[in-house]
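Participant: Sharing a structure here in structure tokens format.
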Amino acid sequence: MRIRVLAVLACLAALSTSCSPSESKPSTLTIWWAAWDPAVGLQKLGDEWGAQKGIKVNVVQIPWTDFQTKWSLESGKNKTDFDIVVGDSQWVGLGATKGWYIELTDLVKKHSSTLHPKAATYLSEYPTGSGKFYSAPCETDSMGLAYRKDWFEDPKEKDAFKAKYKRDLKAPETWEELRDVAEFFYRPNDNRYGWSVLTGRGYDALTMGFEENLWAWGADWFKVTGDKKVKIKGVVNSKEAADAVTFFKDLLKFGPKGAAMLDYMQCMEVFNNGTTAMCANYFAFFPYIHKQMGDKAGFAMIPKKGNTRVIALGGQGLSVSSKVPKAQQELAKDFIAWFLQTDTQKKWVKHTGCFTGNVEVLKSEEFRKADPWNAVFADSLDHLKDFTNEPFFNDLLQPVQKYLGEALDGGKTPQAALDAIAEDFTAVFKKNGWTVE
Amino acid sequence: MKAVRWVFIAAYLLVAAVPLVWLFVTSIKYDIDVTAEKVKWIPNPATPKNAPTVTFPPTVGQSWLLLNDKAYAQTEFPLIHYFINSLIVAFVSTLASVALGTSCAYGFSRFKIAGDKDWLFFILSTRFLPPLAVVVPILIMYRTLNLTDTMFGLILLYTVFNLSLAVWLMKGFIDEIPKAYEEAALVDGYSWMQAFWKIIVPQAATGMAVTAVFCLISAWNEFGFALILNNSQKAMTAPVIFKYFLGRTTGVPWALLAAGALLYAVPIIIFTVIVRKHILRGMTFGTIKQ
Amino acid sequence: MDQGPRKVPSFFLLKYGFVGPALVLLVAFNIFPLFSNIYFSFTDAESDLSGMKGVGGENYGTVFNKPMYGEAMRTTAVFTVVVVAVELVLGFCLALCLRDSFRGRDVVLTALLIPMMLCPLVVSLFWKLILNSNFGLFYLTLRDGLGMQDPPAILERSPLVAVMIVDIWMWTPFMMLIALAGLNSIPKYIYEAAEIDRAGRWTVFLRITLPMCAPILLLAVLLRTTDALKQFDLVMALVGENLSQTQTLSVLLYQRAIASQKVGEGAAYGFVILVAVIALSTLFTRYIDYIQRKQGKS
């Protein structure tokens, strides 16, 4: 009996520690984001704002590997732990259609003059072109190229390169040039490699890594031809797309071990450990690269093919949860309004890894000179494009991650992989009520 | 023949021990030594330029000093918070499992319960169940009852998970206690409850201790539901936070992970040594006695 | 007991007071999910259950037809067969080496027990470091220590093999322990009789040792098989839930029901697994009964 009583008491004690007191007047603001440098920056900004208002801002950081799972799990509850979630651009459609996000059109429209149109469209608008916004751009990001400036400027290397390829060694402008440079630096016997790109099979790394090739070659994932009308076959599995896959796969030969399975962090690591000549990753990671490599690292835009340069967008927007009390929602909107101001954005970009879509800041000399990659970033924004933000994006991501992965591993030919993707896409779109031509 | 035997044992021991030794060596290195191109068995004592100087001056073994630095680990709370959660959840659920399991086992052992064979079969069959097969109903049930992200929720779950183990193990132990003891007590005028408390419990004390250790280990090591039921980090247990380390964008803090993992493993190693005579029994649900 | 119940109602209360609470909890957490799974398996519920509607047997269709489920079954089967076989052979060999007493045997045995008691997640995390193909101990030792030209990048090339390696490292001692118990249960007089008959070592092994160990080894195989079928932690730590080459049953369930929020599909899948489990456990408990009776005799 005594043991049982003790057990019950212990359980009650544990239960009581897990209940939180209800709040009458909001005193905290909980923001969920991924665990990375920009979240640290947001916390610092939040502390500043919170100090003015007497509010405690808590930025909860969740690793990227689990961020989406946790977000969707939490959003399934009646009341979410977070007031604001800095959700991935792709989640906007899902958040909007499920009613997890409240509409922020007024807020965003008020600042539309300062927001880069691509940032606003791809990070916050759903459906695309409707003028309805469900998030406010927080971290506007883009893919970029980091390369070993010291190797590129080494006279011995320059001479050897010129002798072999008949042109100067410099940061590649086109994909073909990039291939030459990667081949040139591929020296496995010396533990030196030419190229690393996102190929991770987890959430979306491989898709993000590949889509620039897909777009540069003139293909696309699908073509929206009208209201809920889409063309898939002949778009994603066109000959151009297959060529893009073949090119992408060939490039991986010049990568280090495991080049076909690099997630965001590993992709950076093989560059940071000094063995790889070039690395394509998101600008948010470049400050960390700079910290490790110092002046050895240079930064450039993602290359083009012919005249087509399309760069994958990254980034997240601040969305307000519909499952918290009205008072919390107003507080959240307050914070977002303050965040979007140009003055705040100027402070924002000073924090490590934080990037903006605010055109004033992007144009300013101050920003462009502040860090070696800033100017490149600012110029990249004009070429941005996103995967998709339809609510069923996960169902579209999964076949790409799977079949493209198989193409890289040799299990399927590029055309077969793309055909499989086209089939899965067709099924998904049809299931969600779209007409597939 | 004898030589072959020694070679085999030695070879196996070497291979089996290397990961554990390597774990310790990694825990006292700097991260830059961990990801170096050449294997380093002895950590380089010289301070690398990018060593974190968050709270303590960098020294060999600094990951042990930085274990509680939540900024370095990029977690919401210092590591000890999750260790304490694990401790509480494991201990309370073990207490409950052993208490409920012992009384249930006693009931089955001493009394005629309708359909007892079927009940015992049902209890055993829960061992074969992949816990994830019931994840959907449990998640929904917990959401409705607001038990997600609470330690009580996890405690309840682990109690039930370990209940089948506790019942089967304790039934084996109680079956070994001769009924003559209770019969004597009953003749002397004790009631059933008193007989249970005064006779059975002391006799079964070893058995309860062994059962408790296995329940503890099982709750200590559980990962799947701890991951799924905890979105916020308040009630999170240690294994989940270790998994979170893998997603750290500034690089997996291998040295810190090694130090934390070693710390987390130490109680288990101690318990293993304590119950080594009963391990086979515990792992086979009482089927095989050592 | 033989005196018969004194006061019928309170004796009833006593009996069921002992077994009741445990049974209620077990039923609540095991039977209720069965019905809950059935209910949700006929809907297209997603994470927040909003707007879910009945879809008939569509989820079951998905589970039985979509290739990823078949692949998961195949992956789980391959994984289970390989690890159990390797652990059996290795464990048995180890047991043969350790059956006779020698100084320090206790220490060796205890040391061998440790891997299987550790937290599987924690274990696989440090194996992830060891198997890393850029700076992992395994890879670097092969390359620098043994001079291998192109050591296999296990985690990338064959992730399932990596998971198997970790599982084998963890659970071989378990097989060893059981095999040891089996070997030690063979009475000495049988060996003495064989010696008198001047039977060769190999004959003794094949005709006496193996057959007498067989029942208990079979038990070990059954136990390990049921555990291997549940494999989740190792895969999650080593490669995550998204790699189709390593998606075991539980991992796929996590990916579909939790990560992709397809609750209805996950419920159908869970129900199918539950049914399979019931079938398997019937088989198994019959066997346990048999073993216990045999042990009771000896």
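Participant: For C:VAL221, work out the one condition from (1) among the hydrophobic types (A, V, I, L, M, F, W, C); (2) more than 10 Å from chain B (Cβ to nearest Cβ); (3) within 20 Å of B:VAL240 (Cβ to Cβ) it doesn't fulfil.
Facilitator: The single condition C:VAL221 does not satisfy is (3).
Participant: Filter the stretch C:228-255 down to the residues that are more than 8 Å from chain B (Cβ to nearest Cβ), open to solvent by less than 10 Å² (accessible area, probe 1.4 Å) and either in a helix (DSSP H, G or I) or of a type in the set (Phe, Trp, Tyr) (or both) and list them by number.
Facilitator: Matches in the stretch C:228-255: C:ALA228, C:LEU234, C:VAL235, C:LEU238, C:THR246, C:VAL251, C:LEU252.
Participant: Can you name every residue in the stretch C:33-60 that is modelled with pLDDT under 90 and farther than 24 Å from A:SER72 by Cα?
Facilitator: C:LEU34, C:GLY56, C:GLY57
Participant: Kindly establish whether A:LYS233 is open to solvent by 10 Å² or more (accessible area, probe 1.4 Å), closer than 24 Å to A:ALA378 by Cα and over 22 Å from the mean Cα position of the chain (by Cα).
Facilitator: The answer is no for A:LYS233.
Participant: Quick one: how many residues across the stretch B:111-126 are facing chain C (nearest Cβ under 7 Å) and either more than 24 Å from the chain's Cα centre (by Cα) or open to solvent by 10 Å² or more (accessible area, probe 1.4 Å) (or both)?
Facilitator: Summing the residues that are facing chain C (nearest Cβ under 7 Å) and either more than 24 Å from the chain's Cα centre (by Cα) or open to solvent by 10 Å² or more (accessible area, probe 1.4 Å) (or both) in the stretch B:111-126 gives 6.
Participant: Take the residues in the stretch B:265-286 that are assigned to a helix (DSSP H, G or I), within 18 Å of B:TRP220 (Cβ to Cβ) and more than 7 Å from every other protein chain (Cβ to nearest Cβ); name whichever of them is least open to solvent (accessible area, probe 1.4 Å).
Facilitator: B:GLY282
Participant: Name, by its number, the condition in (1) at pLDDT below 70; (2) open to solvent by 60 Å² or more (accessible area, probe 1.4 Å) that does not hold for B:LYS2.
Facilitator: Among (1) at pLDDT below 70; (2) open to solvent by 60 Å² or more (accessible area, probe 1.4 Å), the lone unmet condition for B:LYS2 is (1).
Participant: Going by the structure shown, is A:GLY202 touching a residue at least 24 places away in the same chain (Cβ under 8 Å) and in contact with a strand residue (DSSP E or B) (Cβ under 7 Å, 6 or more places away or on another chain)?
Facilitator: No: the conditions fail for A:GLY202.
Participant: Still on this structure, please answer the following. Name, by its number, the condition in (1) modelled with pLDDT of 85 or more; (2) within 18 Å of C:CYS93 (Cβ to Cβ) that does not hold for C:ALA193.
Facilitator: (2)
Participant: Right, another one. Would you mention how many residues in the stretch B:246-264 are more than 8 Å from chain A (Cβ to nearest Cβ) and either open to solvent by less than 10 Å² (accessible area, probe 1.4 Å) or touching a Pro at 6+ places or on another chain (Cβ under 8 Å) (or both)?
Facilitator: Within the stretch B:246-264, residues that are more than 8 Å from chain A (Cβ to nearest Cβ) and either open to solvent by less than 10 Å² (accessible area, probe 1.4 Å) or touching a Pro at 6+ places or on another chain (Cβ under 8 Å) (or both) number 9.
Participant: Among C:PRO21, C:PRO115, which is touching a residue at least 40 places away in the same chain (Cβ under 8 Å), in a helix (DSSP H, G or I) and at the interface with chain B (Cβ under 8 Å from one of its Cβ atoms)?
Facilitator: C:PRO115
Participant: Pick out the one residue from A:VAL349, A:VAL320 that is modelled with pLDDT of 95 or more and of a type outside the set (Gly, Ala, Ser).
Facilitator: A:VAL320
Participant: A further question on this structure: Is one or more of the residues making up the stretch C:95-111 in a loop (DSSP other than H, G, I, E, B), open to solvent by less than 10 Å² (accessible area, probe 1.4 Å) and away from chain B (no Cβ under 12 Å)?
Facilitator: no
Participant: Away from chain C (no Cβ under 12 Å), touching a helix residue (DSSP H, G or I) at 6+ places or on another chain (Cβ under 8 Å) and more than 30 Å from A:ILE31 (Cα to Cα): which single residue out of B:TYR181, B:TYR158 fits that description?
Facilitator: Within the list B:TYR181, B:TYR158, the selection yields B:TYR181.
Participant: Count, please, the residues in the stretch C:53-83 that happen to be open to solvent by less than 60 Å² (accessible area, probe 1.4 Å) and either in contact with a His (Cβ under 7 Å, 6 or more places away or on another chain) or more than 30 Å from C:VAL166 (Cα to Cα) (or both).
Facilitator: Qualifying residue count for the region: 7.
Participant: Go through the stretch C:1-20 and count every residue that is open to solvent by less than 50 Å² (accessible area, probe 1.4 Å) and modelled with pLDDT of 85 or more.
Facilitator: Number satisfying all stated conditions: 4.
Participant: Does B:PRO239 satisfy the criteria of being away from chain A (no Cβ under 11 Å) and either open to solvent by 40 Å² or more (accessible area, probe 1.4 Å) or over 19 Å from the mean Cα position of the chain (by Cα) (or both)?
Facilitator: In short, no.
Participant: Assess whether B:LEU87 counts as being closer than 30 Å to A:LYS77 by Cα, surrounded by fewer than 23 Cβ atoms within 10 Å (Cβ to Cβ), within 12 Å of chain C (Cβ to nearest Cβ) and modelled with pLDDT of 90 or more.
Facilitator: For B:LEU87, the condition - closer than 30 Å to A:LYS77 by Cα, surrounded by fewer than 23 Cβ atoms within 10 Å (Cβ to Cβ), within 12 Å of chain C (Cβ to nearest Cβ) and modelled with pLDDT of 90 or more - is not met.
Participant: If C:ASN30 satisfies every condition in (1) crowded, with 16+ Cβ neighbours inside 10 Å; (2) in contact with a strand residue (DSSP E or B) (Cβ under 6 Å, 6 or more places away or on another chain); (3) free of Cβ contacts under 8 Å to residues at least 40 places away in the same chain but one, which is the exception?
Facilitator: The number of the failed condition is (2).
Participant: Tally time: how many residues in the stretch C:265-284 are open to solvent by less than 20 Å² (accessible area, probe 1.4 Å) and either not in a helix (DSSP H, G or I) or not aromatic (Phe, Trp, Tyr) (or both)?
Facilitator: The initial filter retains those residues of the stretch C:265-284 that are open to solvent by less than 20 Å² (accessible area, probe 1.4 Å), namely C:265-270, C:273-274, C:277, C:281, C:284.
Restricting the remaining residues to those that are either not in a helix (DSSP H, G or I) or not aromatic (Phe, Trp, Tyr) (or both) gives C:265-268, C:270, C:273-274, C:277, C:281.
Total meeting the criteria: 9.
The values are calculated or read from the model by the stated rules, or taken from the named source; none is laboratory data. Please read all numbers here as calculations on a predicted model, not as lab measurements. Ideal geometry is used to build each Cβ from the backbone, glycine not excepted, and the neighbour counts take in all protein chains shown. Accessible surface areas use protein heavy atoms only, side chains included; no ligands, DNA or RNA. Shrake-Rupley method; radii C 1.70, N 1.55, O 1.52, S 1.80 Å.
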